[in-house]
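The structure appears right after this line, and notes come after that.
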Amino acid sequence: MPAWLQLMLDSLQPLLWAGLVFTIPLTLLSFVLGLALGLVTAIVRLFGPKPLVMVARFYVWVIRGTPLLVQLFVIFYGLPSLGILLDAFPAALIGFTLNIGAYTSEIIRAVISSVPRGQWEAAYSIGMSWSQAMRRTILPQATRVAVPPLSNTFISLVKDTSLAAAITVPELFQTAQRIVATTYEPLILYIEAALIYLALSSVLSALQVRLEKRFARYGGFLEARA
């Protein structure tokens, strides 16, 4: 067996383990928490009082206007100077959550705004309150539109978790870096890590297609093609 192939086989188990223990949990937790934060931020920007709207806009402006890597460094390396000490994984989780929250808030705000005003009026006409109209009428329709961009955000997040290696989270990419430091074979190990990310992204992309078909609007392109 070629030496490079043996190296890839020997390193596959620790790389997959790092992905299972750190990369996947970090991705799932960050996306769920970020989606909840994004929903709250979007609702505040659309329906909140002006002071809260300004706070939400400022938050989105700062997060979207600065690199994710810088945000992680500020949280992990910068906050200790203020007496706030965080372990690597919680710091990464906070950083990714804040980042995803800002971007998903813009997606959610756009899809809620895309629901015709008549849907609100129809909900009110049958006696629904604002919260009932939002929960039973608006959000279900907005979800159909939000599935593709939110799915893309989730797939991007899987790859972006590699940035957590910069703040010492022992996820998939940092595990590859550690193996490189002992084997001195960066090309082989980094290609192997890239292939694992590619496999994860491919699986998620296939799931995204199935999810889009399930939520396709009646009479939309996907149903017309089917």
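The values are calculated or read from the model by the stated rules, or taken from the named source; none is laboratory data. Since the model is a prediction, treat every value here as computed from it, not as a measurement. Positions of Cβ are backbone-derived with ideal geometry, glycine not excepted, and every protein chain shown enters the neighbour counts. What goes into the accessible areas is simple: the full protein's heavy atoms, side chains included, and nothing from ligands, DNA or RNA. Shrake-Rupley method; radii C 1.70, N 1.55, O 1.52, S 1.80 Å.
For segment 1-36, which residues satisfy the criterion of being outside any helix (DSSP H, G or I) and open to solvent by 80 Å² or more (accessible area, probe 1.4 Å)? Before you say what the answer is, go through the steps one by one.
In the first step, residues of segment 1-36 are kept if they are outside any helix (DSSP H, G or I); the result is 1-2.
Across segment 1-36, the qualifying residue is only M1.
Scanning segment 37-72 for residues that are without any contact (Cβ under 8 Å) to a residue 24 or more places away in the chain, open to solvent by less than 70 Å² (accessible area, probe 1.4 Å) and of a type outside the set (V, I, T) yields G48, G65.
Select the helices (runs of 4 or more DSSP H) contained entirely in segment 73-185, then report the ones holding at least 1 residues which are closer than 19 Å to L204 by Cβ, β-branched (V, I, T) and at pLDDT 95 or above.
On the way: elements: 88-114, 117-125, 130-133, 139-160, 172-183.
Per the criteria, 88-114, 139-160.
Cβ-Cβ distance below 6 Å, separation of 6 or more or different chains: which pairs start in segment 82-105 with a residue that is closer than 16 Å to T23 by Cα and touching a residue at least 60 places away in the same chain (Cβ under 8 Å) and end on one that is surrounded by 22 or more Cβ atoms within 10 Å (Cβ to Cβ) and among the aromatic types (F, W, Y)? As it stands, the answer is A91/F76, since those pairs meet every condition given.
Would you check if I126 is surrounded by fewer than 18 Cβ atoms within 10 Å (Cβ to Cβ), out of contact with any Lys or Arg (no Cβ under 9 Å at 6 or more places or on another chain), free of Cβ contacts under 8 Å to residues at least 60 places away in the same chain and among the β-branched types (V, I, T)? Show your work before the answer.
On the way: surrounded by fewer than 18 Cβ atoms within 10 Å (Cβ to Cβ): yes; out of contact with any Lys or Arg (no Cβ under 9 Å at 6 or more places or on another chain): yes; free of Cβ contacts under 8 Å to residues at least 60 places away in the same chain: yes; among the β-branched types (V, I, T): yes.
Yes; evaluated as a whole, the condition is true for this residue.
Among the residues in segment 195-211, are any crowded, with 19+ Cβ neighbours inside 10 Å and not hydrophobic (A, V, I, L, M, F, W, C)? No, every residue in segment 195-211 fails to be crowded, with 19+ Cβ neighbours inside 10 Å and not hydrophobic (A, V, I, L, M, F, W, C). Among what's in segment 1-16 and is without any contact (Cβ under 8 Å) to a residue 12 or more places away in the chain and not charged (D, E, K, R), pick the residue that is nearest to I112 (Cα to Cα). Residue satisfying both the conditions and the ranking: Q13. For segment 47-56, the criterion of being closer than 16 Å to G95 by Cα, under 23 Å from the mean Cα position of the chain (by Cα) and assigned to a helix (DSSP H, G or I) is satisfied by no residue at all. In the set (1) out of contact with any Gly (no Cβ under 9 Å at 6 or more places or on another chain); (2) crowded, with 16+ Cβ neighbours inside 10 Å, the condition left unmet by E171 is number (1).
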